[in-house]
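All remarks here apply to the structure that follows.
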Amino acid sequence: MSRPSGPEPFFLPDASGGHRFCVSHEPEGEPRALVLHCHAFGEELNRSRRVVARCARALAGDGAAVLQMDLKGCGDSSGASISASWQEWEADVRRGASWLKQRHPGKPLWLWAHRAGALLALRSVLQGVTADHMLLWQPVVKGEDLVKDWIRQRSASAIAEGRGAQSEAAAMRASWEGGEAVEVMGYPVSADLYDGCKQPLSPVPPVHAGNRLVVVEVSQRPRSPAATANAERLSEWQQAGWSIEQDGVTGPAFWVSPEIVDAPELVTQTCHILFGRAAPQ
(Lines give C-alpha, C1' and ligand atoms only; values in the text may rest on other atoms or scores of the structure.)
Protein backbone atom coordinates (compact mmCIF):
# COMPACT_ATOMS: atom_id res chain seq x y z
CA MET A 1 0.00 0.00 0.00
CA SER A 2 1.37 3.41 -0.95
CA ARG A 3 0.73 6.83 0.53
CA PRO A 4 -0.95 8.98 -2.14
CA SER A 5 -0.28 12.63 -2.66
CA GLY A 6 -3.11 15.00 -1.84
CA PRO A 7 -5.78 15.80 -4.42
CA GLU A 8 -4.63 18.39 -6.97
CA PRO A 9 -7.35 20.61 -8.50
CA PHE A 10 -6.67 22.20 -11.88
CA PHE A 11 -8.40 23.40 -15.05
CA LEU A 12 -7.98 21.43 -18.28
CA PRO A 13 -8.54 23.64 -21.37
CA ASP A 14 -10.82 22.61 -24.20
CA ALA A 15 -10.57 23.37 -27.89
CA SER A 16 -13.06 26.25 -27.75
CA GLY A 17 -11.27 28.25 -25.08
CA GLY A 18 -13.29 26.92 -22.17
CA HIS A 19 -12.09 24.71 -19.35
CA ARG A 20 -12.94 21.60 -17.39
CA PHE A 21 -12.48 21.54 -13.67
CA CYS A 22 -10.48 18.46 -12.66
CA VAL A 23 -9.08 16.86 -9.53
CA SER A 24 -6.09 14.55 -9.88
CA HIS A 25 -5.27 11.89 -7.28
CA GLU A 26 -1.75 10.50 -7.71
CA PRO A 27 -0.30 7.46 -5.94
CA GLU A 28 3.15 7.42 -4.47
CA GLY A 29 5.40 6.00 -7.16
CA GLU A 30 4.42 4.53 -10.51
CA PRO A 31 0.67 3.87 -10.84
CA ARG A 32 -0.63 0.37 -11.38
CA ALA A 33 -3.69 1.60 -13.27
CA LEU A 34 -5.40 4.74 -14.56
CA VAL A 35 -8.96 5.59 -13.52
CA LEU A 36 -11.19 8.23 -15.14
CA HIS A 37 -14.43 9.02 -13.33
CA CYS A 38 -17.63 9.63 -15.34
CA HIS A 39 -19.92 11.33 -12.86
CA ALA A 40 -23.66 11.21 -12.28
CA PHE A 41 -25.81 14.05 -13.63
CA GLY A 42 -27.72 16.89 -12.02
CA GLU A 43 -28.45 16.72 -8.31
CA GLU A 44 -27.15 13.14 -8.20
CA LEU A 45 -23.70 14.55 -9.01
CA ASN A 46 -23.83 16.95 -6.06
CA ARG A 47 -25.00 14.33 -3.60
CA SER A 48 -22.37 11.83 -4.75
CA ARG A 49 -19.29 14.03 -4.43
CA ARG A 50 -18.35 12.95 -0.90
CA VAL A 51 -18.42 9.21 -1.62
CA VAL A 52 -16.72 9.63 -5.01
CA ALA A 53 -13.92 11.74 -3.50
CA ARG A 54 -13.34 9.20 -0.74
CA CYS A 55 -13.20 6.38 -3.24
CA ALA A 56 -10.79 8.32 -5.48
CA ARG A 57 -8.44 8.82 -2.53
CA ALA A 58 -8.70 5.14 -1.60
CA LEU A 59 -7.91 4.06 -5.16
CA ALA A 60 -4.88 6.37 -5.24
CA GLY A 61 -3.72 4.87 -1.95
CA ASP A 62 -3.92 1.45 -3.54
CA GLY A 63 -1.85 2.50 -6.57
CA ALA A 64 -4.16 4.13 -9.13
CA ALA A 65 -3.83 7.51 -10.82
CA VAL A 66 -7.39 8.88 -10.67
CA LEU A 67 -8.88 11.82 -12.55
CA GLN A 68 -12.20 13.41 -11.64
CA MET A 69 -13.52 15.81 -14.27
CA ASP A 70 -16.64 17.97 -14.26
CA LEU A 71 -18.20 17.69 -17.72
CA LYS A 72 -19.10 20.75 -19.77
CA GLY A 73 -21.85 22.72 -18.05
CA CYS A 74 -21.51 20.69 -14.84
CA GLY A 75 -20.03 21.62 -11.50
CA ASP A 76 -17.17 24.09 -11.83
CA SER A 77 -16.51 23.56 -15.54
CA SER A 78 -17.28 26.24 -18.11
CA GLY A 79 -20.35 26.24 -20.33
CA ALA A 80 -24.07 26.18 -19.67
CA SER A 81 -25.72 22.85 -18.92
CA ILE A 82 -28.56 23.70 -21.29
CA SER A 83 -26.11 23.75 -24.22
CA ALA A 84 -24.22 20.55 -23.35
CA SER A 85 -24.45 17.64 -25.77
CA TRP A 86 -23.53 13.97 -25.72
CA GLN A 87 -20.89 14.66 -28.34
CA GLU A 88 -19.24 17.31 -26.15
CA TRP A 89 -19.39 15.07 -23.10
CA GLU A 90 -17.87 12.21 -25.10
CA ALA A 91 -15.11 14.63 -26.14
CA ASP A 92 -14.56 15.44 -22.45
CA VAL A 93 -14.12 11.73 -21.66
CA ARG A 94 -11.69 11.45 -24.57
CA ARG A 95 -9.81 14.51 -23.29
CA GLY A 96 -9.56 13.10 -19.77
CA ALA A 97 -8.42 9.69 -20.99
CA SER A 98 -5.74 11.29 -23.17
CA TRP A 99 -4.50 13.42 -20.26
CA LEU A 100 -4.09 10.33 -18.06
CA LYS A 101 -2.40 8.28 -20.78
CA GLN A 102 0.04 11.04 -21.67
CA ARG A 103 0.92 11.44 -18.01
CA HIS A 104 1.33 7.69 -17.42
CA PRO A 105 1.85 5.88 -20.74
CA GLY A 106 1.36 2.15 -21.01
CA LYS A 107 -0.91 1.72 -17.99
CA PRO A 108 -4.39 0.11 -18.22
CA LEU A 109 -7.30 2.54 -18.19
CA TRP A 110 -10.51 2.03 -16.22
CA LEU A 111 -13.63 4.09 -16.87
CA TRP A 112 -15.30 4.32 -13.45
CA ALA A 113 -18.84 5.58 -13.90
CA HIS A 114 -21.80 6.29 -11.66
CA ARG A 115 -25.51 6.27 -12.57
CA ALA A 116 -26.06 8.05 -15.93
CA GLY A 117 -22.30 8.44 -16.20
CA ALA A 118 -22.33 4.75 -17.12
CA LEU A 119 -24.31 5.52 -20.26
CA LEU A 120 -21.72 8.17 -21.15
CA ALA A 121 -18.87 5.71 -20.53
CA LEU A 122 -20.43 3.11 -22.82
CA ARG A 123 -21.13 5.71 -25.51
CA SER A 124 -17.55 7.00 -25.24
CA VAL A 125 -16.11 3.52 -25.81
CA LEU A 126 -18.31 3.19 -28.89
CA GLN A 127 -16.94 6.54 -30.10
CA GLY A 128 -13.33 5.41 -29.87
CA VAL A 129 -12.18 5.99 -26.29
CA THR A 130 -9.81 3.09 -25.65
CA ALA A 131 -10.65 1.75 -22.19
CA ASP A 132 -9.26 -1.53 -20.95
CA HIS A 133 -11.94 -2.00 -18.30
CA MET A 134 -15.15 -0.38 -17.04
CA LEU A 135 -16.56 -0.21 -13.53
CA LEU A 136 -20.18 0.93 -13.31
CA TRP A 137 -21.78 1.97 -10.01
CA GLN A 138 -25.59 1.62 -9.94
CA PRO A 139 -25.57 2.19 -13.69
CA VAL A 140 -28.09 3.51 -16.15
CA VAL A 141 -27.05 1.67 -19.30
CA LYS A 142 -29.90 2.40 -21.70
CA GLY A 143 -30.93 5.83 -22.94
CA GLU A 144 -34.64 5.22 -22.51
CA ASP A 145 -34.04 4.28 -18.88
CA LEU A 146 -32.41 7.68 -18.37
CA VAL A 147 -35.38 9.43 -20.01
CA LYS A 148 -37.72 7.51 -17.71
CA ASP A 149 -35.65 8.65 -14.73
CA TRP A 150 -36.01 12.26 -15.82
CA ILE A 151 -39.76 11.84 -16.30
CA ARG A 152 -40.14 10.10 -12.93
CA GLN A 153 -38.31 12.90 -11.12
CA ARG A 154 -40.34 15.62 -12.82
CA SER A 155 -43.62 13.72 -12.39
CA ALA A 156 -43.06 13.44 -8.65
CA SER A 157 -43.05 17.24 -8.47
CA ALA A 158 -46.11 17.42 -10.72
CA ILE A 159 -48.09 15.08 -8.47
CA ALA A 160 -47.15 17.16 -5.42
CA GLU A 161 -48.49 20.21 -7.26
CA GLY A 162 -51.76 18.45 -8.17
CA ARG A 163 -50.97 17.66 -11.81
CA GLY A 164 -51.22 14.23 -13.41
CA ALA A 165 -48.08 12.17 -13.95
CA GLN A 166 -49.15 10.91 -17.39
CA SER A 167 -49.92 14.35 -18.72
CA GLU A 168 -46.61 15.63 -17.34
CA ALA A 169 -44.70 12.83 -19.10
CA ALA A 170 -46.47 13.57 -22.39
CA ALA A 171 -45.74 17.29 -22.08
CA MET A 172 -42.06 16.62 -21.39
CA ARG A 173 -41.65 14.39 -24.42
CA ALA A 174 -43.53 16.90 -26.58
CA SER A 175 -41.20 19.69 -25.47
CA TRP A 176 -38.10 17.63 -26.23
CA GLU A 177 -39.48 16.53 -29.59
CA GLY A 178 -40.09 20.20 -30.35
CA GLY A 179 -36.46 21.07 -29.63
CA GLU A 180 -37.03 22.65 -26.21
CA ALA A 181 -35.17 22.00 -22.97
CA VAL A 182 -37.06 20.67 -19.94
CA GLU A 183 -36.11 21.45 -16.36
CA VAL A 184 -35.61 18.35 -14.19
CA MET A 185 -34.90 18.87 -10.47
CA GLY A 186 -33.53 22.33 -11.15
CA TYR A 187 -31.36 21.38 -14.14
CA PRO A 188 -32.29 21.96 -17.81
CA VAL A 189 -32.16 18.82 -19.95
CA SER A 190 -31.72 19.76 -23.58
CA ALA A 191 -33.46 18.25 -26.56
CA ASP A 192 -30.03 17.15 -27.77
CA LEU A 193 -29.53 14.97 -24.69
CA TYR A 194 -33.02 13.54 -25.14
CA ASP A 195 -32.36 12.78 -28.82
CA GLY A 196 -29.05 11.14 -27.94
CA CYS A 197 -30.79 8.84 -25.48
CA LYS A 198 -32.82 7.38 -28.35
CA GLN A 199 -29.72 6.34 -30.31
CA PRO A 200 -29.02 2.59 -30.10
CA LEU A 201 -25.79 1.36 -28.50
CA SER A 202 -24.11 -1.38 -30.52
CA PRO A 203 -21.35 -2.89 -28.35
CA VAL A 204 -17.81 -2.96 -29.71
CA PRO A 205 -15.23 -5.67 -28.95
CA PRO A 206 -12.82 -4.91 -26.09
CA VAL A 207 -9.21 -3.92 -26.63
CA HIS A 208 -8.13 -7.35 -25.40
CA ALA A 209 -10.15 -10.52 -25.00
CA GLY A 210 -11.59 -10.76 -21.51
CA ASN A 211 -11.39 -7.07 -20.63
CA ARG A 212 -13.67 -6.51 -17.64
CA LEU A 213 -17.00 -4.70 -17.39
CA VAL A 214 -17.99 -4.76 -13.72
CA VAL A 215 -21.41 -3.67 -12.45
CA VAL A 216 -21.82 -2.87 -8.76
CA GLU A 217 -25.34 -2.36 -7.40
CA VAL A 218 -25.92 -0.76 -3.99
CA SER A 219 -28.80 -1.91 -1.80
CA GLN A 220 -29.81 -1.40 1.81
CA ARG A 221 -30.39 -5.16 2.03
CA PRO A 222 -28.00 -7.90 0.92
CA ARG A 223 -28.99 -9.50 -2.38
CA SER A 224 -27.54 -11.81 -4.96
CA PRO A 225 -25.45 -10.03 -7.62
CA ALA A 226 -27.20 -12.21 -10.22
CA ALA A 227 -30.44 -10.39 -9.39
CA THR A 228 -29.24 -6.99 -10.54
CA ALA A 229 -31.45 -5.37 -13.17
CA ASN A 230 -28.71 -4.70 -15.71
CA ALA A 231 -27.54 -8.29 -16.23
CA GLU A 232 -29.74 -8.86 -19.28
CA ARG A 233 -29.11 -5.36 -20.64
CA LEU A 234 -25.36 -5.96 -20.71
CA SER A 235 -25.59 -9.37 -22.36
CA GLU A 236 -24.79 -7.84 -25.76
CA TRP A 237 -21.53 -6.50 -24.36
CA GLN A 238 -20.69 -9.97 -23.13
CA GLN A 239 -21.40 -11.39 -26.57
CA ALA A 240 -19.02 -8.78 -28.01
CA GLY A 241 -16.21 -10.18 -25.85
CA TRP A 242 -16.32 -8.23 -22.59
CA SER A 243 -16.01 -10.18 -19.35
CA ILE A 244 -19.19 -9.15 -17.50
CA GLU A 245 -19.15 -9.28 -13.69
CA GLN A 246 -22.10 -8.57 -11.41
CA ASP A 247 -21.55 -7.49 -7.82
CA GLY A 248 -23.64 -6.11 -5.02
CA VAL A 249 -22.88 -4.28 -1.77
CA THR A 250 -24.92 -3.12 1.19
CA GLY A 251 -25.13 0.62 1.61
CA PRO A 252 -27.22 3.79 1.30
CA ALA A 253 -28.51 5.30 -1.93
CA PHE A 254 -26.17 8.26 -1.36
CA TRP A 255 -26.82 9.79 -4.81
CA VAL A 256 -30.41 10.63 -3.79
CA SER A 257 -30.00 11.05 -0.03
CA PRO A 258 -30.56 14.59 1.31
CA GLU A 259 -28.33 13.64 4.24
CA ILE A 260 -24.53 13.42 4.15
CA VAL A 261 -23.80 9.70 4.16
CA ASP A 262 -20.86 7.40 3.48
CA ALA A 263 -20.67 4.09 1.64
CA PRO A 264 -17.58 2.36 3.07
CA GLU A 265 -18.48 -1.09 1.77
CA LEU A 266 -18.78 0.27 -1.77
CA VAL A 267 -15.37 1.95 -1.52
CA THR A 268 -13.76 -1.21 -0.13
CA GLN A 269 -15.30 -3.40 -2.82
CA THR A 270 -14.25 -1.00 -5.58
CA CYS A 271 -10.61 -1.23 -4.50
CA HIS A 272 -10.94 -4.99 -4.28
CA ILE A 273 -12.32 -5.17 -7.83
CA LEU A 274 -9.44 -3.16 -9.27
CA PHE A 275 -6.60 -4.54 -7.19
CA GLY A 276 -7.80 -7.65 -5.40
CA ARG A 277 -7.59 -6.23 -1.91
CA ALA A 278 -9.46 -3.95 0.45
CA ALA A 279 -9.20 -0.18 0.50
CA PRO A 280 -6.26 1.29 2.45
CA GLN A 281 -6.95 2.66 5.91
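So which pairs qualify, if the first residue must be in region 26-52 and outside any loop (DSSP other than H, G, I, E, B), the second must be polar (S, T, N, Q), the Cβ gap must be under 6 Å, and the two must be at least 6 apart or on different chains?
Going by the 6 Å Cβ cut-off, the qualifying pairs are H37/Q68.
Answer yes or no as to whether V261 is modelled with pLDDT of 85 or more, in the same structural domain as G128 (by TED's automatic domain parsing) and in contact with a Leu (Cβ under 8 Å, 6 or more places away or on another chain).
Taking the combined requirement at face value, the residue does not satisfy it.
Determine which member of the set R154, R163 is touching a strand residue (DSSP E or B) at 6+ places or on another chain (Cβ under 6 Å), modelled with pLDDT under 90 and either of a type in the set (A, V, I, L, M, F, W, C) or surrounded by 13 or more Cβ atoms within 10 Å (Cβ to Cβ) (or both).
Only one candidate qualifies: R154.
Consider L111 against the criteria (1) surrounded by fewer than 19 Cβ atoms within 10 Å (Cβ to Cβ); (2) assigned to a strand (DSSP E or B): it satisfies all of them except one. Which criterion is unmet?
Exception for L111: condition (1).
Which condition does S78 not pass, out of (1) outside any helix (DSSP H, G or I); (2) closer than 19 Å to G186 by Cβ; (3) touching a strand residue (DSSP E or B) at 6+ places or on another chain (Cβ under 6 Å), if it passes all the others?
All conditions pass for S78, except number (2).
For R95, all conditions in the list (1) closer than 25 Å to A253 by Cα; (2) not in a strand (DSSP E or B) hold save one; what is the number of the exception?
Evaluating R95 over (1) closer than 25 Å to A253 by Cα; (2) not in a strand (DSSP E or B) leaves (1) as the failure.
Taking region 201-218 only, how many residues are of a type in the set (A, V, I, L, M) and part of a loop (DSSP other than H, G, I, E, B)?
At the first step, the residues of region 201-218 found to be of a type in the set (A, V, I, L, M) are 201, 204, 207, 209, 213-216, 218.
Still in the running and part of a loop (DSSP other than H, G, I, E, B): 201, 204, 207, 209.
Matching residues across region 201-218 total 4.
From the list R233, R221, exactly one residue is in a loop (DSSP other than H, G, I, E, B), in contact (Cβ under 8 Å) with a residue 60 or more places away in the chain and charged (D, E, K, R). Which is it? Show your work before the answer.
Values: R221 fails: in contact (Cβ under 8 Å) with a residue 60 or more places away in the chain.
Testing whether each residue is in a loop (DSSP other than H, G, I, E, B), in contact (Cβ under 8 Å) with a residue 60 or more places away in the chain and charged (D, E, K, R) leaves just R233.
With the condition kept exactly as written, say whether any residue in region 89-98 is over 16 Å from the mean Cα position of the chain (by Cα), at pLDDT 95 or above and surrounded by fewer than 18 Cβ atoms within 10 Å (Cβ to Cβ).
Scanning region 89-98, I find at least one residue that is over 16 Å from the mean Cα position of the chain (by Cα), at pLDDT 95 or above and surrounded by fewer than 18 Cβ atoms within 10 Å (Cβ to Cβ), so the answer is yes.
Checking Q102 against (1) part of a loop (DSSP other than H, G, I, E, B); (2) modelled with pLDDT of 95 or more; (3) surrounded by fewer than 16 Cβ atoms within 10 Å (Cβ to Cβ), only one condition comes out false. Which one?
(1)
Looking at (1) modelled with pLDDT under 95; (2) under 23 Å from T270 (Cα atoms), which is the one condition that is false for Q127?
Every listed condition holds for Q127 apart from (2).
Out of A60, A40, I need the residue that is surrounded by 21 or more Cβ atoms within 10 Å (Cβ to Cβ), of a type in the set (A, V, I, L, M) and closer than 22 Å to G128 by Cα. Which one?
Of the residues listed, the single one that is surrounded by 21 or more Cβ atoms within 10 Å (Cβ to Cβ), of a type in the set (A, V, I, L, M) and closer than 22 Å to G128 by Cα is A40.
Let's see how each residue does on (1) of a type in the set (K, R); (2) modelled with pLDDT of 90 or more; (3) closer than 23 Å to V129 by Cα; (4) exposed (fewer than 15 other Cβ atoms within 10 Å of the Cβ):
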| residue | (1), (2), (3), (4) |
| --- | --- |
| A209 | no, no, yes, yes |
| L213 | no, yes, yes, no |
| E217 | no, yes, no, no |
| A226 | no, no, no, yes |
| A229 | no, no, no, yes |
| G241 | no, yes, yes, no |
| G248 | no, yes, no, no |
| W255 | no, yes, no, no |
| L274 | no, yes, yes, no |
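Criterion first (among the acidic types (D, E), at pLDDT 95 or above and in contact with a Pro (Cβ under 7 Å, 6 or more places away or on another chain)) does E8 satisfy it?
no
Give me the pairs: first residue in region 181-210 and assigned by TED's automatic domain parsing to the domain that holds G241 and basic (K, R), second residue outside any strand (DSSP E or B) and modelled with pLDDT under 85, beta-carbon distance under 8 Å, and six or more apart or on different chains, which are they?
none
So R103 clears everything in (1) closer than 21 Å to R173 by Cα; (2) among the charged types (D, E, K, R); (3) assigned by TED's automatic domain parsing to the domain that holds L12 except one condition, right? Which one?
(1)
The values are calculated or read from the model by the stated rules, or taken from the named source; none is laboratory data. No experiment lies behind these values; they were computed from the predicted model shown. Neighbour counts run over all protein chains shown; Cβ positions are idealised from the backbone, glycine included.
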